[in-house]
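Working notes for the structure below.
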Amino acid sequence: MKLYPLFADLTGLPVLVVGGGSVAYRKAEALQAAGARVTVGAPKLDERLARDVDDGTLAWRCGSFAPDWLDGMWLVIAATDDRGLNACVAEEAGKRRIFANVVDDAEQSRFHVPAVVDRSPLMVAISTAGAAPALARRVREMLERALDNALGTLVALAQRHRARILQVHADLAARRAFYDWLYEGPVLSRLRRGQPQQAERLLLDALHADKPRGRTGSVTLVGAGPGHPGLLTLQALRALNEADVILHDQLVSAEILGMARRDAERFDVGKRCGGRHVPQEQIHRLMLAHAREGRRVVRLKGGDPFVFGRGGEELAFLRHHGIPCHVVPGITAAVACAAFAGIPLTHRDHAQSICLLTAHGKDAVDALDTPALGDARQTLAIYMGIERIGSLTERLLAHGRAADTPVAIIENGTLPQQRVITGMLHALPRLAQLHAVTTPALLIIGEVAAFAQEQPGYDERTGDGAARLATMEAELT
């Protein structure tokens, strides 16, 4: 190993930061967070350091560095913009057997400050031994996404009851099994949901029983968003990586499925408008059977589970049968597709509200009998409307929508093959036919739909939104 990994307890110990600028401030701030008694040494300080000195949280050695500043210190960080001075600090520290770090100079440093993922008391430190700090930051970003925010609370809970855990599970193998249960079972799940008291009760009940209970099966209803893998939430990604079984809609993209745990069983249950699908009752039975076998089931849906996704029915069914069920919301198509098409769903001058509707089902269009259909200052986002676009247009016109109301058809929204076709309400069926629109497609009805034409890269002749999609992705990231 190039470096020996070490976590230092600096609580109450004196440490020195040489330098008075922004870098010195960041180093002093991190050391203070670890409980160290920090002294900064410099002829002058930036305003943040000066404020901390005035508050009494920092000590200040005013002037040029002198070796006696190191007396009594446990470690030192040289954070000036003078390489010669930094080298001098490191040399003097070495004479006194004090660990020194020189910012941006790995060769002069006796210890390195790693990139940190903080889930206190769980800490993950990443170092490249100074070879490529930027890559360490990228690894940190990956771990920030992967590590559950509730892990720190779980570690703190285990720490609080460690003596009892050691007493009940003196055997190392049994203790490991207990900690596995803490991570895989209902305790962490309760902490994720912000229920620390219930989580602690589960832990205590398991200790009272002298052994962890067998893993309880569960179902998580996960929204996969509209298809773009970058729009998957962190919580959804974690659920996919913990799943034993995944029941996914046909619309869920291969890229998103590729993020799931490799050895998870996968079942395509269809659920694509106009395509094949597994009956909802069979999906219920599949979820129930796998959960009762102790498996972690993910029911992966396009968009959001509770927006035209029958998530409410599945939640009620699972609760009725006593199966633990959690919901991970996803970005619904109306929000994501409109954003990628450059359409604001609300606008101070044009639309003060939005109405989400579905035209799926033989009676769905006939059921659309609401004042919202004719309100010119309300945006309509209509899911699954292509198959009944003629009768849908007639009903909108009959309810008072102006024939020249702007409309937008967003086909394959957020995906590389996205198309955005704009026009007026009276010509909506003809637009869909002319451009051979296929599902999945979302309809936006209202004045805000006209904004799609203002986006760079839009080809009015073909309705090809690919160039604009690339532009918008760059803007969003």
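The values are calculated or read from the model by the stated rules, or taken from the named source; none is laboratory data. Keep in mind that what you see is a predicted model, and the values were worked out from it rather than measured. Cβ atoms come from the backbone with ideal geometry, glycine included; neighbour counts cover every protein chain shown. Accessible surface is based on the protein model in full, side chains and every heavy atom, while ligands, DNA and RNA are left aside. Shrake-Rupley method; radii C 1.70, N 1.55, O 1.52, S 1.80 Å.
Does Glu29 fit the bill of being of a type in the set (Asp, Glu) and within 23 Å of Gly130 (Cβ to Cβ)? Answer is yes for this residue. Residues in the stretch 215-242 that are of a type in the set (Gly, Ala, Ser) and either under 22 Å from Ala441 (Cβ atoms) or modelled with pLDDT of 95 or more (or both): Gly223, Ala224, Gly225, Gly227, Gly230. Filtering Arg319, Arg310 for residues that are out of contact with any Phe, Trp or Tyr (no Cβ under 9 Å at 6 or more places or on another chain) and under 30 Å from Glu411 (Cβ atoms) leaves a single hit, Arg310.
For beta carbons closer than 6 Å, sequence separation of 6+ or different chains, a first residue in the stretch 369-393 that is in contact (Cβ under 8 Å) with a residue 60 or more places away in the chain and among the hydroxyl-bearing types (Ser, Thr, Tyr) and a second that is assigned to a strand (DSSP E or B) and open to solvent by 40 Å² or more (accessible area, probe 1.4 Å), the qualifying pairs are Thr379/Ile354.
For the stretch 198-269, the strands (runs of 3 or more DSSP E) that sit wholly inside it and include 1 or more residues that are among the small types (Gly, Ala, Ser) are 218-223. If only residues of the stretch 123-164 that are touching a Lys or Arg at 6+ places or on another chain (Cβ under 8 Å), at pLDDT below 90 and of a type outside the set (D, E, K, R) are counted, the one that is most open to solvent (accessible area, probe 1.4 Å) is Asn149.
If you go through the stretch 410-429 and pick out every residue that is touching a residue at least 24 places away in the same chain (Cβ under 8 Å) and either charged (D, E, K, R) or part of a helix (DSSP H, G or I) (or both), you end up with 6.
Rundown of residues vs (1) open to solvent by 20 Å² or more (accessible area, probe 1.4 Å); (2) under 15 Å from Leu231 (Cβ atoms); (3) at pLDDT below 90, yes/no style:
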site: Asp244; (1), (2), (3): yes, no, no
site: Ala291; (1), (2), (3): no, no, no
site: Leu300; (1), (2), (3): no, yes, no
site: Arg319; (1), (2), (3): yes, no, no
site: Ala333; (1), (2), (3): yes, yes, no
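Counted as qualifying within the stretch 307-409 are the helices (runs of 4 or more DSSP H) with 1 or more residues that are of a type in the set (Val, Ile, Thr), namely 333-340, 364-367, 389-398.
For (1) touching a Leu at 6+ places or on another chain (Cβ under 8 Å); (2) buried (at least 18 other Cβ atoms within 10 Å of the Cβ); (3) in contact (Cβ under 8 Å) with a residue 12 or more places away in the chain, each residue gets a yes or a no:
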| residue | (1), (2), (3) |
| --- | --- |
| Val53 | yes, no, yes |
| Leu70 | yes, yes, yes |
| Gly94 | no, no, yes |
| Pro121 | no, no, yes |
